[in-house]
Amino acid sequence: TRKVPRTKIPCLGWTPTILDAMCCGENRNRVVIVFLVGIGLLLLVILLPISYAYIEYYEYGLLQVRATGRVDTSRVYTRGRYFVGPARTFLKYQADAHHRVLDDLSVFSDGISNQSIGLEFLIDVDFTYLLIKDEIGLLHQELASSYNSVIESRAKDAIKNTAIFVTFEEYFQDRKNVELRFRNAVQARWDSPPSLHCRLDQFHVGRIQIPQSVAEVQLRAKVQNELNDKEAFVQQARVERELTAVEVNKIVLNKTKTLRTTNAEANLLRAKATVEANQIKADAQLNGTQLLFQAVGIDSQSQMASFTYIRNLANRKGDVSLDVQFLSDQNVVKTRTIG
């Protein structure tokens, strides 16, 4: 290997190599500048990306100091890219809907009366809620990352406290109203001091699970109600049949009365008509007989009586057979007294 010749340099006081010579004077300054620029570029490449923080469309952000964990709650950041420096980052909260499912939540129903304590059964409830953007800072100060459990706990309390005023039948007969009452109770509980800084979005009452013993009692009660209704209908039908029979009897009686009255009036009219007709015939016969007697010259009472007798015999039908013969003078044997 060829050795590099050494030359004595007064500024250094020794005989350097070629590399040592480059560090002297202008060459030395140039190397230092290049080194510093390289370090700066390296730091820029490393620190610049971590100085930007991103927030997605489904997130809210609060500035947080990396070293101390201190959070600035004065401003809430929404989606976008922000230059926050390498010493700070974002503490993020969910901006879209939070979905919570409460399975097998035990509740008591209203007892309807003071003598009944209601029924215990299980219901499934699921709901979604949204954090209020302008109150994210307050939410962090009061609850921090535990807000989910606090919100869920208050929702359970509100549902249980409201369920005691809802009857068991309402869950099946008026389900929409029950859901509305639960929804209003949950929102009111969240808004009560200290507020939870969220609003209820969707709310739904799902499956209702009742114990087998309760189901059997309810079934027997429903069957008994149906039997009671059946008996009521049977009794009502019997009453209706009795009332119908009474009405039919009234109609039959009215019919009979009407027929008898009509027949009586008809018989009376016929009797009057017969009497009047006989009277008219008798008057006519009397007048005709008088005119006949006058026409034929009958004026003795015996002849009149004989004529009346013969006429009456002629008018009788079936009992008497009367034949009338007309004799002439030639057919009559005439006698006379001699002496």
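For the ranges 251-257, 102-108, what's the packing order if you count other beta-carbon atoms within 10 Å of each residue, average per peptide, and put the highest first?
Working: 251-257: 10.0, 102-108: 14.7.
Final packing ranking: 102-108, 251-257.
Hull surface divided by four, with the convex hull built on the Cα atoms of the stretch 30-93: how many nm²?
Numbers: hull surface 20.7 nm².
Taking the Cα atoms of the stretch 30-93, their convex hull projects to 5.2 nm² on average.
Across the stretch 93-104, in residue order, what do the Karplus-derived ³J(HN,Hα) couplings come to in whole Hz, using 6.51 cos²θ - 1.76 cosθ + 1.60 with θ = phi - 60° and x for Gly and Pro?
Using θ = phi - 60°, the values come out as 10, 6, 9, 8, 5, 8, 9, 10, 10, 10, 8, 6 Hz.
Please identify every one of the trypsin sites (Lys or Arg not before Pro) in the stretch 52-119 that sits in a loop by DSSP and has no more than 14 other beta carbons within 10 Å of its own beta carbon.
Details: sites: 66, 70, 75, 79, 81, 88, 92, 100; in loops: 66, 70, 79.
Passing both the DSSP loop test and the Cβ count: 66, 70, 79.
Which whole-Hz ³J(HN,Hα) couplings does the stretch 148-156 yield from phi under the Karplus relation 6.51 cos²θ - 1.76 cosθ + 1.60, θ = phi - 60°, glycine and proline marked x?
Per-residue couplings from phi come out as 4, 5, 5, 5, 5, 5, 5, 4, 4 Hz.
Evaluate the distance, in nm, between pseudo-label points positioned 7 Å from the Cα of residue 152 and of residue 316 along their respective Cα→Cβ axes.
12.8
Whole-Hz ³J(HN,Hα) for each residue in the stretch 135-145, computed from phi via Karplus 6.51 cos²θ - 1.76 cosθ + 1.60 with θ = phi - 60°, x for glycine and proline: what do you get?
With the stated coefficients, the stretch 135-145 comes to 10, 5, x, 5, 4, 5, 5, 8, 10, 6, 7 Hz.
What distance in nm separates the simple spin-label points at residue 237 and residue 251, each placed 7 Å from Cα in the Cβ direction?
Distance between label points: 2.1 nm.
Quickly work out the residue 298-to-residue 54 label distance, labels modelled 7 Å from Cα along the C-beta direction, and quote it in nm with one decimal.
Taking the two extended label points, one gets 15.2 nm.
Computed from the coordinates by the stated procedures, all read-outs in this text should not be read as laboratory data. No experiment lies behind these values; they were computed from the predicted model shown. Glycine also receives a Cβ, built like all others from the backbone with ideal geometry; neighbour counts cover every protein chain displayed.
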